[in-house]
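All of the numbers you see were taken from the coordinates with simple rules; none came from a lab. Remember, it's a predicted structure, so these values are computed and weren't measured experimentally. As a convention, Cβ positions derive from the backbone with ideal geometry for all residues, glycine included, and neighbour counts pool all protein chains shown.
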Amino acid sequence: MYILNVAIFEIIINFTQRFINYGCGSSIMKQKENKSFFLMQFGDTPKLRVLDFLIGNHFFDFPMTEIARGGNVSYNSFKGFFEDFIKSGILVKTRKIGKSDYYKLNLNNPFVMNLVRLDWSLTKRNVLDDLKISA
């Protein structure tokens, strides 16, 4: 029971660090200190950084500028593959506030749901491996 609680605590810490690293950044792009398990496993490319940000914040919707900032990619890079994400159903428009359209991860898309599950699986596996090593 104790190990399970510690594992859950580690998962919460990981996602809290993601939110701090992604969600509360300045307007200057900076290098992330801790890569997520998702990025460590699959590589650090602009598309994957944006997907990683969206998976970590899948409950929220964002304007394009915030998605680019949160994913630590330039706005112009994000615009380059944004339409692909819309066409493939990865992103869905949720609302419009002023001139800004807001988008979020399309959790009704089976591919997206498998990515979310994969991210959780990688996180759990790595956290449990860390617990075994430290025990």
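Roughly what would the spin-label model give for Ser121 and Asp44, points 7 Å off Cα along C-beta, in nm?
It is 2.5 nm.
Just want the ordering: Leu51, Leu107, Leu39, from fewest to most Cβ atoms lying within 10 Å of their own Cβ. Working shown, then result.
Values: Leu51 22, Leu107 12, Leu39 17.
Starting with the residue having the fewest Cβ neighbours, the order is Leu107, Leu39, Leu51.
Can you run phi through the Karplus equation (6.51, -1.76, 1.60; θ = phi - 60°) for region 111-126 and list ³J(HN,Hα) in whole Hz, with x for Gly and Pro?
4, 5, 4, 5, 5, 4, 4, 4, 4, 4, 4, 4, 5, 4, 4, 5
Measure up Lys79/Lys124; Lys35/Lys79; Lys87/Lys124; Lys96/Lys124; Lys35/Lys99 against 26 Å on the Cα-Cα distance and list the ones that go over.
Exceeds cut-off: Lys79/Lys124; Lys87/Lys124; Lys96/Lys124; Lys35/Lys99.
Give a quick list of chymotrypsin sites (Phe, Trp or Tyr not before Pro) in region 46-128 that DSSP marks as loop, anything other than H, G, I, E or B, with at most 10 other Cβ atoms within 10 Å.
Phe59
Amide H to amide H under 5 Å from Asn106: which residues, 5+ apart in sequence or cross-chain, H placed 1.01 Å off N in plane?
Residues meeting the criterion, in which the H sits 1.01 Å from N, are Leu91, Val92.
Return the sequence-ordered ³J(HN,Hα) values of region 56-67 in whole Hz as given by the Karplus equation 6.51 cos²θ - 1.76 cosθ + 1.60 applied to θ = phi - 60°, using x for Gly and Pro.
3J(HN,Hα) across region 56-67, in whole Hz: x, 10, 5, 7, 10, 10, 9, x, 4, 5, 6, 5.
Can you list the HN-Hα couplings for region 91-108, worked out from phi with the Karplus curve (6.51, -1.76, 1.60; θ = phi - 60°), rounded to whole Hz and with x for Gly and Pro?
Running phi through 6.51 cos²θ - 1.76 cosθ + 1.60 with θ = phi - 60° gives 10, 9, 6, 9, 6, 10, 10, x, 8, 9, 8, 9, 10, 9, 5, 7, 6, 8 Hz.
Pick out, in residue order, every one of the trypsin sites (Lys or Arg not before Pro) in region 83-135 that is DSSP loop and has at most 10 other C-beta atoms within 10 Å; say none if there are none.
Those that pass, being in a loop and sparsely packed, are Lys99.
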